[in-house]
Amino acid sequence: MNNRHLEERLTDIARLIRYYILTATSHAGSGHPTSSLSATELMTTLFFGGILRYDPNNPDHPNNDRIIFSKGHASPLFYALWAAAGRLSEEDMLTYRQFGSHLEGHPTPAFRYVDAATGSLGQGLSIGVGMAINAKFLDKLPYRTYVLLGDSEMAEGSQWEAIQIAAHYNLDNLIGILDVNRLGQRGATMYGHDLEAYGQRIRSFGWETLLVDGHSMSEIRTALLQIDERSGRPIMIIAKTIKGKGVSFVEDKNGFHGKPLSEEDLAKALKELGTVDTSLRGEIRLPEDLRPPSLESGSAGNIDYFGEESVPTRNAYGNALNRIYARFPQIVSIDGEVGNSTRAEYFKKEHSDRFFEMYIAEQNMTGVALGLACRGKIPFASSFAAFLSRAYDQVRMSQYSDANIKFVGSHAGVSIGQDGPSQMGLEDLAFFRTLLGSAVLYPCDAVSTEKLVEEAAAYKGIAYIRTTRMATPILYEADEAFRIGGSKVLKQSDSDAATVIAAGVTVHETLEAWKKLQESGVSIRVIDLYSVKPVDAATLKQAAAETAHLITVEDHFAQGGLADAVREALTLEGIRLHSLAVRRKPKSGKPRELLDFEEISRKAIAAKVRELVAG
């Protein structure tokens, strides 16, 4: 097919796609037609202009090019493209946004051609970085990752985190397509139609840029074909487009964002479109049938802390990654430039080809983790627990992608000491407990840490592991079994006056309190609730039935952490829970001073038990 005939065919397909966009959104009574119409030529040319390499019959083919709609509100365009490819019917399109439809308001993996959920702006490029890293460095495949971006979302700092790291890793297999349609939700964007303003900024980060008329099929296709000639750097195609293109009475007009056309206006718009051939189908170029190198799994190594009395759990995390890598060869480690503190550097030293430094950019780190997970890797993303809160939205969104990501937060709690409150993770248990299907793990010693890192690697879904800075005594033998959803009863008798439920650092504080209380004739049960979610409800209910008082003690704020996890598990009437937690604004000091100050130390635990027993 010569270029003229190809362009005519693409124009006809674009007309069909506009028809699907308009009819689907008007039938739904909601959606973002104008944001979809502006990018129609861009994506029609990519899909059906002989550029994209993708097998629609096998969306999981490892060498398929990947497509991410970072501007997820343009989902009508995304679905319309697949309708034009013959993968959705017109009837399917009319289920858009209906309850139970796989064509949701913003893309999710409920639709088989979606890799990652998008719609919270500023996240798609980071996901694309993860996929591009996977292709270039891990799977060593020639597939490309294309990310459709909106001009409004370029105000998000996470975009520039992604742009910077993509240039650092020379991701010439990553192509951004920036739809500069000038209008955001409530008016003009920061730079309007000034393409060069975007170009200057993006080039300054080390990208190639190509500026095009976003409604000229020939210009778009020429730019896409130039990608082969430009190697070594990621490429951003910056396209001037018109919001609402193709419907004259909404083109480039403010006030139509997120508004479908009325029945009357739809009729007018379809008349403007002209004759639409609904039998037309676009063809997508197939990829080469290439596969990544096969990875053989083996057995995890042995745990050996012989002769060591105390070890920081963060050290055990680093050791565990190396120990279990043979069993889980899909592991990839990424870190927010604190690997010497999180101990991710242990894995880097042994497996440098599977470690990627993300620098101080936790939002992008989370998006990259999702991109890697979408390509079948098991990413362990580590930073200080406090700093992971910067990526709350990225973590939140990852649950809607059914993500298999392992987050590791070190330096948790006031027990980190002199660094002070800015470095203390005190909200992290609450944060990760809110996620659908998440596992939240808080080991207290090196052995339990190693075992729970291994359990997390095997777990399908989001897992969070909380580690600590200070060294803690080794309590468990190397052959002790730990399961997600379990706990350990460390001290128990028939005369226990109370049960103290602890995790992490406070397990050791509770054991010291147990010794002091024993000396005065008071016996308590001690539970290491290392699995904060899911929680071991059976053991907790047994303790509640057999002892008069329940006390939780945690190096975490009072809300959302250990105490609330226990409360949710105890549904029996009449059970009262006493909570020792961080309730004062922390300050710098020695760990022992801070544990006492927050009344979560051995001294405070013993005092609380005595108060309850005497009461």
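The values are calculated or read from the model by the stated rules, or taken from the named source; none is laboratory data. The shown structure was predicted, so the numbers you read here are calculated from the model rather than taken from an experiment. Using ideal geometry, Cβ is built from the backbone for each residue, glycine included, and neighbour counts are taken over all protein chains shown.
A few points about this structure:
- Test: residue in the stretch 377-388 that is out of contact with any helix residue (DSSP H, G or I) (no Cβ under 8 Å at 6 or more places or on another chain) and not assigned by TED's automatic domain parsing to the domain that holds N170: no
- Inter-residue pairs, beta-carbon under 7 Å, first acidic (D, E) and in the stretch 25-45, second not in a loop (DSSP other than H, G, I, E, B), 6+ apart: E41/A14; E41/M217; E41/I220
- Residue count for the stretch 449-468 under the criterion of being of a type outside the set (F, W, Y) and either within 13 Å of H556 (Cα to Cα) or part of a strand (DSSP E or B) (or both): the result is 5.
- All of S389, S382, S415 fail the test of being touching an Asp or Glu at 6+ places or on another chain (Cβ under 8 Å) and either under 22 Å from A132 (Cα atoms) or acidic (D, E) (or both), apart from S382.
- Matching residues in the stretch 99-110 - criterion: being within 15 Å of W82 (Cβ to Cβ) and surrounded by 18 or more Cβ atoms within 10 Å (Cβ to Cβ): L103, E104, P107, T108
- Matching option when the condition is in contact (Cβ under 8 Å) with a residue 24 or more places away in the chain and either in the same structural domain as R576 (by TED's automatic domain parsing) or under 22 Å from S601 (Cβ atoms) (or both), among Q518, Q492: Q492
- Residue in the stretch 263-275 that is in contact (Cβ under 8 Å) with a residue 24 or more places away in the chain and of a type in the set (G, A, S) present: yes
For every residue, the table says whether it meets (1) under 24 Å from E309 (Cα atoms); (2) without any contact (Cβ under 8 Å) to a residue 60 or more places away in the chain.
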residue: A386; (1), (2): no, yes
residue: L426; (1), (2): no, no
residue: P443; (1), (2): yes, no
residue: A446; (1), (2): yes, no
residue: E454; (1), (2): yes, no
residue: Y459; (1), (2): no, yes
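- For G417, the conditions (1) in contact with a Pro (Cβ under 9 Å, 6 or more places away or on another chain); (2) at pLDDT 95 or above all hold with the exception of (2).
- Counting only residues that are more than 30 Å from D289 (Cβ to Cβ) and either crowded, with 22+ Cβ neighbours inside 10 Å or not assigned by TED's automatic domain parsing to the domain that holds T241 (or both), the stretch 163-182 holds 6 of them.
- Hits in the stretch 455-468 - residues which are within 13 Å of V408 (Cα to Cα), surrounded by fewer than 24 Cβ atoms within 10 Å (Cβ to Cβ) and over 17 Å from the mean Cα position of the chain (by Cα): none
- Residue among F99, F78 that alone is at pLDDT 95 or above and closer than 20 Å to L16 by Cα: F78
- Subset of the stretch 394-414 (residues that are hydrophobic (A, V, I, L, M, F, W, C) and either in a loop (DSSP other than H, G, I, E, B) or not assigned by TED's automatic domain parsing to the domain that holds L426 (or both)): A403, I405
- As a summary of the residue check, R112 satisfies the conditions (1) touching a residue at least 40 places away in the same chain (Cβ under 8 Å); (2) part of a loop (DSSP other than H, G, I, E, B); (3) within 23 Å of L224 (Cβ to Cβ); (4) charged (D, E, K, R) except for the one numbered (3).
- In this structure, S152 does satisfy being farther than 29 Å from F355 by Cβ, touching a residue at least 24 places away in the same chain (Cβ under 8 Å) and crowded, with 22+ Cβ neighbours inside 10 Å.
- Lone qualifier among A403, A344, A361 - being of a type in the set (A, V, I, L, M) and closer than 23 Å to G504 by Cα: A344
- The selection criterion, being of a type in the set (A, V, I, L, M), under 28 Å from N3 (Cβ atoms) and within 30 Å of the chain's Cα centre (by Cα), does not hold for I202.
- For G371: the one exception among (1) in contact (Cβ under 8 Å) with a residue 60 or more places away in the chain; (2) over 14 Å from I334 (Cβ atoms); (3) not charged (D, E, K, R): (2)
- A single member of T189, T145, T209 is in contact with a Lys or Arg (Cβ under 8 Å, 6 or more places away or on another chain), polar (S, T, N, Q) and over 26 Å from A117 (Cα atoms), and it is T209.
- Filter pass, Y113 being out of contact with any strand residue (DSSP E or B) (no Cβ under 6 Å at 6 or more places or on another chain) and closer than 24 Å to R18 by Cα: yes
- If only residues of the stretch 415-448 that are outside any helix (DSSP H, G or I) and of a type in the set (D, E, K, R) are counted, the one that is surrounded by the most Cβ atoms within 10 Å (Cβ to Cβ) is D445.
- Considering (1) assigned to a loop (DSSP other than H, G, I, E, B); (2) among the aliphatic types (A, V, I, L, M); (3) surrounded by fewer than 15 Cβ atoms within 10 Å (Cβ to Cβ), the lone condition that L225 does not fulfil carries the number (1).
- Matching residues, the stretch 542-601, being within 16 Å of V500 (Cα to Cα), loosely packed, with under 15 Cβ neighbours inside 10 Å and of a type in the set (D, E): E546
Yes or no, residue by residue, for (1) under 30 Å from G255 (Cα atoms); (2) part of a strand (DSSP E or B); (3) among the β-branched types (V, I, T):
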position: G128; (1), (2), (3): no, no, no
position: M131; (1), (2), (3): no, no, no
position: K136; (1), (2), (3): no, no, no
position: V147; (1), (2), (3): yes, yes, yes
position: A166; (1), (2), (3): no, no, no
position: I175; (1), (2), (3): no, yes, yes
position: L178; (1), (2), (3): yes, yes, no
position: Y198; (1), (2), (3): yes, no, no
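- Exclusive hit being among the hydrophobic types (A, V, I, L, M, F, W, C) and not assigned by TED's automatic domain parsing to the domain that holds D179, set A300, A267, A223: A300
- The single condition among (1) buried (at least 20 other Cβ atoms within 10 Å of the Cβ); (2) within 27 Å of the chain's Cα centre (by Cα); (3) not hydrophobic (A, V, I, L, M, F, W, C) that Q185 does not meet is (1).
- Within the stretch 118-130, the set of residues being closer than 19 Å to H106 by Cβ and either out of contact with any Pro (no Cβ under 8 Å at 6 or more places or on another chain) or surrounded by fewer than 24 Cβ atoms within 10 Å (Cβ to Cβ) (or both) comprises G119, S120, L121, G122, Q123, G124, L125, S126, I127, G128.
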